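Chemist: Take a look at this one; I'll ask things after.
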Amino acid sequence: MKARLKLIILSALGTMAAFSAITYSSCTPDKCKSIVCAYGGVCNDGACTCQTGYEGVQCETISRDKFIGRWNVSENGTLNPGTHNYAVSLEPNSSNITDIKISNFYNKLTSNVVGSVKGDTIYIPFQVVNSDTVQGNGYIIPDPHYANHAKLVLYYSVRNGHTDNFGLNGGSPSVWEK
């Protein structure tokens, strides 16, 4: 009789434990149920994880778009004394969502310089453009009040016999504004 009572109590406790576990897990809300991530982003624990080239709360923004446009350049390199001012243009390049092309780079190059964007950083890989070697990197500082205004601080160098540095290996970084 004691063994039978013990079996009944253990069975009852096991049933209550299973019922409690099912009830508890069914009441835990799915944090991703109402989240929609754009451009192939995936919801993890209530927040979107974006694919490369996208950002924003729901991956709704193409990262390179903040770099696209006409920029006014002010720079002072290591070869030519004085501040030089000119304009450059950044445009999307190819089908890769992170690639850009820069026209009128260094105010002398007639072919485009190519780069890529990741978040707030721009990368200009080592490349030969019009017999000059170019490389660099920089970061954007968005204007908190005006979405179409920003500052880009760029560290780069151009070499054709002599190296003109803009913060990369000497000199001051180039400052671009739009």
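Chemist: Kindly check whether there is at least one residue in the stretch 97-104 that is assigned by TED's automatic domain parsing to the domain that holds Asn72, assigned to a loop (DSSP other than H, G, I, E, B), of a type in the set (A, V, I, L, M, F, W, C) and at negative phi.
Modeler: yes
Chemist: Can you find even one residue in the stretch 49-57 that is small (Gly, Ala, Ser), under 17 Å from the mean Cα position of the chain (by Cα) and not assigned by TED's automatic domain parsing to the domain that holds Val153?
Modeler: yes
Chemist: Identify, by number, the condition in (1) crowded, with 17+ Cβ neighbours inside 10 Å; (2) within 21 Å of Ala147 (Cβ to Cβ) that Glu75 doesn't meet.
Modeler: (2)
Chemist: Return yes or no: is Thr78 in contact with a strand residue (DSSP E or B) (Cβ under 6 Å, 6 or more places away or on another chain), within 19 Å of Arg64 (Cα to Cα) and polar (S, T, N, Q)?
Modeler: Answer is no for this residue.
Chemist: Right, another one. I'd like the full set of residues that are within 20 Å of the chain's Cα centre (by Cα) and among the polar types (S, T, N, Q), limited to the stretch 130-168.
Modeler: Gln135, Asn137, Asn148, listed by residue number.
Chemist: Next question, about the same structure. Restricting the stretch 86-118 to residues that are small (Gly, Ala, Ser) and at pLDDT 95 or above, which is surrounded by the most Cβ atoms within 10 Å (Cβ to Cβ)?
Modeler: Gly115
Chemist: Right, another one. Suppose the filter is β-branched (Val, Ile, Thr), under 30 Å from Gly170 (Cα atoms) and either at pLDDT below 95 or in contact with a strand residue (DSSP E or B) (Cβ under 9 Å, 6 or more places away or on another chain) (or both); does Thr83 pass it?
Modeler: Answer is yes for this residue.
The values are calculated or read from the model by the stated rules, or taken from the named source; none is laboratory data. Note that the coordinates shown come from a computational prediction; the quantities given were computed from them, not determined experimentally. Reconstructed Cβ throughout: ideal geometry from the backbone, glycine too, with neighbour counts over all protein chains shown.
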